[in-house]
Amino acid sequence: MIQILTKVAAVKYSELAERVGYSITIDQNNIAIFKLSNGMVRAIENRSPHPKGGVLSEGLVSGDYVFCPVYDWRISLIDGKVQAPDEGQVRTFSVEVEDDIVYIII
Amino acid sequence: KKKLVMIGNGMAGIRTIEEIIKIDPDKFEITIFGKEPHPNYNRIKLSNILQGDTTFEEIIMNPIDWYKENNIQLFTGEVVSQIDVEIKQITTENGRKVEYDDLIIATGSNSFILPIPGTDKKGVTGFRDVNDCEMMIKHSKQYKKAVVIGGGLLGLEAARGLLNLGMEVDVVHLMPHLMERQLDPTASTMLKKELEAQGMNFLMEKQTVEILGDDHVTGLRFKDGTEVTADLIVMAIGIKPNIDIAKNSNIYVNRGIVVNDFMETSIKNIYAIGECAEHREIVYGLVAPLYEQGKVLAGHLCGSTPAPYEGSVTGTQLKVAGVDLYSAGEIFEDETTQAIKIHNEFDGVYKKILIRNNQIVGTVLYGDTKDSTKLFRMLTKKEDVSGMTSVSILQSQDGSGNSNDVAEMPADELICGCNGVTKGAIVEAINKQGLTTLDQVSHCTNAGRSCGRCKPMVSQILAHTLGDKFDSSAAQKTSICGCTTLSREEVVAEIKEKGLTSVKEVMNVLEWNMEEGCTKCRPALNYFLGMIYMDEYKDERDSRLVNEKMHANIQKDGTYSVVPRMYGGVTTAQDLKKIAEVAEKHHVPLVKLTGGQRIGLFGIKKEDLPTIWEELDMPSGYAYGKTLRTVKTCVGAQFCRYGTQDSMALGIELEKKFERLDTPHKVKMGVSACPRNCSEAGIKDIGFVGIDGGWEIYVAGNGGVDLRPGDHLMTVKTQEEVMDITSAYLQYYRETANYLERTSKWVERVGLDHIKEVLANDETRKALNERMDKTLNRYIEPWNEAVQSEGILQKYYAKHKILAGSESK
Ligand code: SRM
Ligand SMILES: Cc1cc2nc3c(=O)[nH]c(=O)nc-3n(C[C@H](O)[C@H](O)[C@H](O)COP(=O)(O)OP(=O)(O)OC[C@H]3O[C@@H](n4cnc5c(N)ncnc54)[C@H](O)[C@@H]3O)c2cc1C
Ligand code: SF4
Ligand code: FES
C-alpha cells in the first residue's frame, strides 16, 4: 500500500506553551502536540491506548512522558510506548520545526 | 575493571550485586540481563498484589535509576540464550554478544506445570511473575470459578488472592494435609478450618490427570474419575529451577545448578545463586538463604575471603490475612525427640517444639507466633536448653509487644528472617547513623525489605532505642512518591529551611530522581508551596491534574462536567432559568441533581466550557477540586417546625468563606438545624448540628469508600465560634495532613484528642485563623478569570482544526 506523506504546518512554535498539550485535528487525525521543557516538540495521537480510551492532550507532562489524564498511564512521547506495568502504544507523528513553524508529517 | 555479567535480574542476583557494591563499588563493570521487562521487584509481594494490598510501583525494589546511579548496564526483556565458556562470552536471543571475566547465573525458577494433557489451554497459569498476577486479575473480572492446584504456601496465597478478587475458589491438594512439608496434622487441620471459614473450598487427596475444555479451560478431571468446573486454573505445586542455559553449556547440574560453599559452579569464573542453584543437595525456595548465599558470593568475588556458606535452616510463614503460623526445622516427633506441646483449642493456639539432646531442632506455631524469632534463634544457635523449663522456653511476651520484650531480647536475636538482620545490627544502625524512621532502617539494614512481616518488631526496636526521641507518626513515614525518598514532613521542612519557592526548585534542590516528577508529587508540591507561602505563591497550573487544571471534571469520553455553586443548596428562579437556558441552547446531554445539593451539567465539550461559564455567569462549584466541595444544609429554623437554628444561613456563610481554598483532599460540610440531621452532617468532613442555644460540631465523617460517622469535636454557643473553630480546624488540617489524606484518615492518624488540645489553646487558634485568612485572600473566581483571559482560553480550551487533504492510511 502506498503511503502519501504530507508535511502540514500545524502551529507557530512560539504559540506552544511548555508542558501543555495542544490538541489539533488534521483531517481525520486527532493529534496532541507537546512542547517539552527542553524545547523539543513531540506529537502523538490524542487518544489513550487504555481500552477505555480518553484524550491525552490534557495530561500532566514530565520530561519525555505524558500521564494519561483519565487512567494515569505513563506514556513516552518519543516512541509512544506505555510504560510498565501497563502495556500499549500510541501512534507518534514526526515533527519538524522550521523558523517558528511546527510541521507535522502525516 | 573486570567485566561482571549476570543472567537474571531477580531478588537473589540483585542482592548479590548490592552486596558487591557495598564492598567495592569500582571493582566491576557490571552488565545484567533480565527476561522480564521490569527492574528488580519484590516477587514475594506478588501475593499481596493479588490480594489487593499493594501496587506494582510499590514493590519495585531497585528502580531504573538505581542501576543508572551504580553505572550498571541493564537489559530488561532480553533473554540470554547461550554461554560460550571457551571465549567467555554470552549471547542473547536478540543476538547481542557480551564478554565476561566473571559470570553469575541467577535465573531463579519457573512454576512447575503438571505434565498432563490440556495445560496449554487458555486460562491455565502458574504463579511466578507479574504477568501471572495480571492474567489472574484480568480473568477474575470476566469469570467466576477458579481452581488452584497445590495446597502449599504459594497455592494458599494465590487462593486467598483470588477470593479477594471475588472468585469462587477450589483448592486441590494431593496429600491429606495442607502444607504438609511445614506443618504437622494438628496445625494443618487448624489452618484448613480457618481457610474454609474464609471461603476456600478444599478437594483433598485428589490427583489431577487432565485439564478439560476446547480452547479455554472448562474444568479438570481427577484420577478417581471425578471432575470439577473451572474458568481459571492456577498451578502452584512447586518450582522448577531454571537450569537449561547452564545444562547447554555443560555446567554440572543436578536438580539445580550444583555449586560449592562459595557458589562456584563446575566451570571456572561461573557462579550460580538463588533458586536456580543447588547447594549440598538443597535448592532453596525462600529469600533468606538466597540472601546469605549472595553475601558469600559477593565477598568471594571481591576477594574479601568470607566464611563459606554451609547451608541454612529456614523458617516459613504464610502471608494470608487472619492466619498466623510459623514453622522451622523438623516438624515430626521420632523416638529421639522430646516435644513440648500446647494446644489451646479455645483460643485456636497450637505450639510444638521438638528437642533432641537438649537442643531445639524444630518448631511449629499456629495462632500465636510471637516466640518465633526467639525460638528460631535458639534453633539456629543450637542453644542448650537443659537448664530451662518448658515454661521459660515457651513464655510468650505479652501480645501488645510492649518494648520490654525488645529490651530483654539478646542482641544476636534474628529480627528479620528474610534478610538475616539481628536486633544488634538494627540498634547499631539506628545509633551510628541517627536513624529515626522505619523506612531509613529498612534502607540501611534491609530489615523489612522482603515479606515485611518483621516491620512491627523493627519499629518496636526503633521506639525502644530512640526512647523519648521517638516520634511514632514520623516513624511510620513513607516517601511522598517514587521520585524521592523524602517524606511529606521532610519535604515541607526543607522547603521552609531552604526557602524553596517553586516545584522545579524543590525537585532540583532535593534531588528528585525523576526530573519533572510524577502525577503524585507534582500536585502535592504545588499544594505544599501554596500552603507555606500563603499569599505570595504563584500557583502552578500545569502541576495540577486535569480536573483542577481545566476547572471542570473530565469524563470517560473526554467531555467535561460543569457544576456551578449553589451556596448551601439554596437557589433562585433566575439561576434555575439560566441553567435551563444554557442546557437547552447547548444541547447539554445530561442535567442532573448531584449528591451535593446542586445541579450538574454533564457531557460538555472542552471548547464549549468557557461560553457556557460565561452564559451561566455563576461561580464555579469546584465539584472537581481538592477544596471545599459543598455545604449541604437542611431548611432549618426558617421553615421547619423542629428547627432550632438557622442552618441555611450558617451553611451559606461557611461555603462563601471557604470556597476555593486548597486543601489536602476534598472537604465537605453539612449543616442541620436539629439532631434529626436531614443534611447528613454526621458523615461529612465537618458537620454542624443545631441544638437549643448552640451548635454541635462533628468532624472526620466520611460517606465514601470508608464509611465513617463523625466524632463530636465540641459544642459551641454562637455562629462566630463556629466560624472561628472551623477555620482553625481546617487550617490545622491543611498544615499537617498528607496530600490526598481525607480528614477522616487524618484524624485517625493524629488523634482527635490531640486536635482538641491544639484548638483549646487561644493563641494557637488565633494564629491558625490569621494564616487561614491570609490564604483565603489569594483566590479569585476561576471560570470568570478564564472567560476574561485570551491567554487562558488559547492555552487550555482552544481546539484546532486543519484540512490538509492528506491521506494517512
Ligand atoms: C457529581 C457527583 C455524583 C452525582 O451525580 O451526584 C460526583 C461525581 C464524582 N465523584 Fe463523588 N460525586 C458526587 C458526590 C459525592 C458524595 C456525596 C456528597 O458529597 O454528599 C460522596 C460521598 C461523601 C464523601 O465524599 O464523603 C462522593 C464520594 C466520592 C469519592 C470517595 C471519596 C472518599 O474519600 O472516599 C470519590 C473519589 C475521590 O474523591 O478520590 C469521588 C469522585 C468523584 C468523581 C470526581 C470521579 C472523577 O474523578 O471523575 C466524579 C466526577 C463525575 C463527573 O463526571 O463529574 N466521589 N461523591 C456528586 C457531586 C457532588 C457535588 O455537587 O459536588
Ligand atoms: C507468589 C510468591 C510468593 C513468595 N513468597 C515468599 C515469602 O513469603 N518468603 C520468601 O522468603 N520467599 C517467597 N517467595 C520466593 C522468592 O520470591 C524467591 O525465592 C526469590 O524471588 C528467588 O530469587 P531468584 O533471584 O533466585 O529468582 P527470581 O527472583 O525469579 O529472579 C530470576 C530472574 O531471572 C530471569 N531469567 C531467567 N532466565 C533468564 C535468562 N535466560 N535470561 C535473562 N533472564 C532470565 C527471570 O525472568 C527472573 O526475573 C515467593 C515467590 C512467589 C512467586
Ligand atoms: S459514585 Fe461517584 S465516582 Fe462513582 S460512578 Fe457515581 S459519580 Fe462516579
Ligand atoms: S522477615 Fe521478611 S522482610 Fe523481614
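Collect residues whose amide H, placed 1.01 Å from N in the peptide plane, falls under 5 Å from the amide H of B:L203; neighbours closer than 5 in sequence don't count.
B:V171, B:V172, B:H173
Full-extension gain between B:K605 and B:R181, please, as 0.36 nm times their residue separation minus the C-alpha to C-alpha distance. Before the final figure, lay out the partial values.
On the way: separation 424, 0.36 × 424 = 152.64 nm, distance 6.22 nm.
Contour length minus Cα-Cα distance gives 146.4 nm.
If I take the Cα coordinates of the range B:145-241 and project them onto the principal axes, what are the three extents in Å, biggest first?
41, 31, 28
Short version: ³J(HN,Hα) in whole Hz for each residue of the range A:18-31, in order, from phi by Karplus 6.51 cos²θ - 1.76 cosθ + 1.60 (θ = phi - 60°), x for Gly and Pro, what are they?
Result, ordered by residue: 4, 6, 10, x, 10, 9, 9, 10, 10, 6, 8, 9, 8, 10 Hz.
Determine which aspartates and glutamates satisfy two conditions relative to B:K319: a Cα distance under 14 Å, and not lying fewer than 8 residues away in the same chain.
B:D53, B:E157, B:E194
Over every pair of different alpha-carbon atoms in chain B, take the mean of 1/r and invert it; report that Kirkwood radius in Å.
One over the average 1/r among Cα pairs gives 30.9 Å for chain B.
Distance in nm between label sites at A:D99 and B:I116, each 7 Å beyond Cα in the beta-carbon direction?
With each label placed 7 Å out from Cα toward Cβ, I get 7.6 nm.
Taking Cα atoms, how many degrees apart are the long axis of helix B:423-433 and the longest axis of chain B, rounded to 10 and kept between 0 and 90?
50 degrees
So what's the range B:75-127 giving for Cα Rg divided by 2.2 N^0.38 Å, two decimals?
1.60
Determine Rg/Rh for the range B:587-697; Rg is computed over alpha-carbon atoms and Rh is the Kirkwood hydrodynamic estimate from the same atoms.
1.04
Residues of the range B:17-46 with backbone nitrogen within less than 13 Å of a virtual label 7 Å along the Cα-to-Cβ line of B:E511, please, listed as ranges.
Counting backbone N atoms under 13 Å from the label point, the list is empty.
Please work out the FRET efficiency for the pair A:S37 and B:L590, using the Cβ-Cβ distance as r and a Förster radius of 56 Å; give the result to the nearest 0.05.
0.90
Per 10 Å bin from zero, what fraction in whole % of the C-alpha pairs of the range B:559-615 is there, up to the bin with the longest pair?
Pairs per bin, as whole percents: 23, 60, 17.
Along Cα→Cβ, 7 Å out, is where each label goes; now give me the distance between the ones at B:F639 and B:N71 in nm to one decimal.
Simple spin-label model gives 7.7 nm for this pair.
If the cut-off is a Cα-Cα distance under 16 Å, which aspartates and glutamates reach B:K206, setting aside same-chain residues fewer than 8 apart in sequence?
B:D170, B:E180, B:D224, B:E227
Viscosity 1.002 mPa s, temperature 20 °C: what is the translational diffusion coefficient of chain A from Stokes-Einstein with a Kirkwood Rh over Cα pairs, rounded to a whole number of µm²/s?
Translational D for this selection: 155 µm²/s.
Which of the pairs A:K81/B:K68; B:K504/B:K657; B:K192/B:K352 have their Cα atoms more than 29 Å apart in this structure? Working shown, then result.
Values: A:K81/B:K68 21 Å; B:K504/B:K657 31 Å; B:K192/B:K352 18 Å.
Violating the 29 Å limit, Cα to Cα: B:K504/B:K657.
At 1.002 mPa s and 20 °C, plugging the Kirkwood radius over alpha-carbon pairs of the range B:232-391 into Stokes-Einstein gives what diffusion coefficient in µm²/s?
On the way: Rh = 18.1 Å.
The calculation lands on 118 µm²/s.
Rounded to a whole number, what is D in µm²/s for the range B:454-592 from Stokes-Einstein with the Kirkwood radius over alpha-carbon pairs (4 °C, 1.567 mPa s)? All intermediate terms of the calculation are to be shown ahead of the outcome.
Details: Rh = 19.0 Å.
For the chosen part, D equals 68 µm²/s.
Report the normalised scattering of the protein assembly as shown as log10 I(q)/I(0) at q = 0.06, 0.07, 0.10 Å⁻¹, calculated by the Debye formula with identical scatterers on the alpha carbons.
-0.53, -0.73, -1.35
For the range B:651-690, what is the charge dipole size about the Cα centre, in debye to the nearest 20, if Lys and Arg each add +1 at the Cβ and Asp and Glu each add -1 at the Cβ?
The dipole magnitude comes to about 40 debye.
Could you list the residues of the range B:431-463 with an amide nitrogen less than 15 Å from a label point located 7 Å from the Cα of B:K469 in the Cα-to-C-beta direction?
Inside the label zone: B:431-438, B:440-441, B:461-463.
What FRET efficiency comes out for the pair B:Y779/A:T25, r = Cβ-Cβ distance, R0 = 35 Å, nearest 0.05? Show your work: numbers first, answer last.
On the way: r = 35 Å, r/R0 = 1.00.
That gives a FRET efficiency of 0.50.
Under the √(5λ) rule applied to the eigenvalues of the Cα gyration tensor, what semi-axes describe the equivalent ellipsoid of the range B:24-84? Give them in Å, descending.
After diagonalising the Cα gyration tensor, the semi-axes are 26, 16, 9 Å.
Starting from the Cα of B:K801, draw a straight line to each of the lysines and keep only those under 20 Å, dropping any in the same chain fewer than 8 residues away.
Cross-link targets: A:K7, A:K12, A:K35, B:K605, B:K606, B:K809.
How large is the convex hull of the Cα atoms of the range B:96-191 per residue, expressed in Å³ as a whole number?
Roughly 168 Å³ of hull volume per residue.
Remind me, relative contact order of chain B in percent, using alpha carbon pairs under 8 angstrom and six or more residues apart?
Averaging sequence separation for qualifying contacts and normalising by length gives 7 percent for chain B.
Would you work out which of B:V705, B:I683, B:G670 lies farthest towards the positive end of the dipole of the range B:667-740, given +1 charges on the beta-carbon of Lys and Arg and -1 on that of Asp and Glu, about the Cα centre?
After comparing all options, I get B:V705.
Could you work out the percent of alpha carbon pairs in the range B:208-279 separated by over 15 Å, rounded to a whole number?
Numbers: 1605 of 2556 pairs.
Roughly 63 percent, rounded to a whole number.
Give me, ordered by chain and number, the residues 5 or more places off B:V209 or on other chains with an amide H under 5 Å from its own placed amide H.
So B:V209 has HN proximity to B:R221, B:F222, B:K223.
Between B:E757 and B:K223, what is 0.36 nm times their sequence separation minus the Cα-Cα distance? Round to one decimal in nm.
The B:E757-B:K223 span can extend by a further 185.3 nm.
Report the gain in length on full extension from B:Q788 to B:V85: 0.36 nm times residue separation, minus Cα-Cα distance, nm rounded to one decimal.
Numbers: separation 703, 0.36 × 703 = 253.08 nm, distance 7.31 nm.
That pair, B:Q788 and B:V85, stretches by 245.8 nm at full extension.
With a 10 Å Cβ neighbour count serving as the proxy for reagent exposure, in which order, fewest first, do B:K3, B:K144 appear? Please list the in-between numbers first.
Numbers: B:K3 15, B:K144 11.
Ascending number of Cβ neighbours within 10 Å: B:K144, B:K3.
From zero up to wherever the largest Cα-Cα distance of the range B:728-774 sits, split into 5 Å bins and tell me the percent of pairs in each.
Reading upward from the zero bin: 5, 23, 32, 22, 16, 3.
Which ³J(HN,Hα) values in Hz, rounded to whole numbers, follow from the phi angles of the range B:176-185 under the Karplus curve 6.51 cos²θ - 1.76 cosθ + 1.60, where θ = phi - 60° and Gly and Pro get x?
Per residue, the Karplus-derived 3J(HN,Hα) values read x, 10, 6, 6, 4, 7, 10, 10, 8, x Hz.
Readers should treat all values here as calculations from the given coordinates under stated rules, not as data from a laboratory. Note that the structure is a prediction, hence the values are computed from the model and not measured. Don't worry about glycine lacking a Cβ; one is built from the backbone with ideal geometry, like all the others, and counts go over all protein chains shown.
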